[in-house]
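Here you go, one structure.
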Amino acid sequence: MLLVGFSIAGMIYAFVPENPPSEESSSLTEYYDKQEVAAQRMWGREGSLTVELTRRLKRASTYTVLVIVVSLLGSLACFYLARDGYDDKDEQPPAAIKKPVSADPTSSDHDA
């Protein structure tokens, strides 16, 4: 799972171009300034944080980091679950050893 996550992250980083987002172009600056002001009116100080977060999510490097983090968490969960599975097998009590029963009906098992 970890190798698959790293390979997917590598493909995203290699094949998706890291173009500057459209927010950085000078022709759309006024539009995005109005968008940021509207977000600040709706959510207060968290509005600018929300706008910045959505801008960061449009970049390939952000997706690469997210894929790596999710694959690390998934592989750690798999290792943890596998370790618990092995620990449960080791903790089983040994089977009780039964005393052989004698074939002589006259002797008692209590006479030992």
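Within region 55-63, is even one residue modelled with pLDDT under 85, in contact with a Phe, Trp or Tyr (Cβ under 8 Å, 6 or more places away or on another chain), in a helix (DSSP H, G or I) and not charged (D, E, K, R)?
Yes: one or more hits.
Considering each of 86, 80 in turn, give the residue that is at pLDDT 60 or above and closer than 30 Å to residue 10 by Cα.
Sole residue among the options that is at pLDDT 60 or above and closer than 30 Å to residue 10 by Cα: 80.
Against the definition (in contact with a Lys or Arg (Cβ under 6 Å, 6 or more places away or on another chain), surrounded by 11 or more Cβ atoms within 10 Å (Cβ to Cβ) and modelled with pLDDT of 80 or more), how does residue 50 come out, yes or no?
Taking the combined requirement at face value, the residue does not satisfy it.
What residue, among those in region 35-61 that are charged (D, E, K, R) and within 25 Å of the chain's Cα centre (by Cα), is nearest to residue 9 (Cα to Cα)?
The qualifying residue nearest to residue 9 (Cα to Cα) is 59.
Scan region 18-25 and tell me whether some residue there is of a type in the set (Asp, Glu), at pLDDT 70 or above and in contact with a helix residue (DSSP H, G or I) (Cβ under 8 Å, 6 or more places away or on another chain).
Yes, region 18-25 contains a residue that is of a type in the set (Asp, Glu), at pLDDT 70 or above and in contact with a helix residue (DSSP H, G or I) (Cβ under 8 Å, 6 or more places away or on another chain).
The values are calculated or read from the model by the stated rules, or taken from the named source; none is laboratory data. Because the structure is predicted, anything quoted here is derived from the model rather than measured. As a convention, Cβ positions derive from the backbone with ideal geometry for all residues, glycine included, and neighbour counts pool all protein chains shown.
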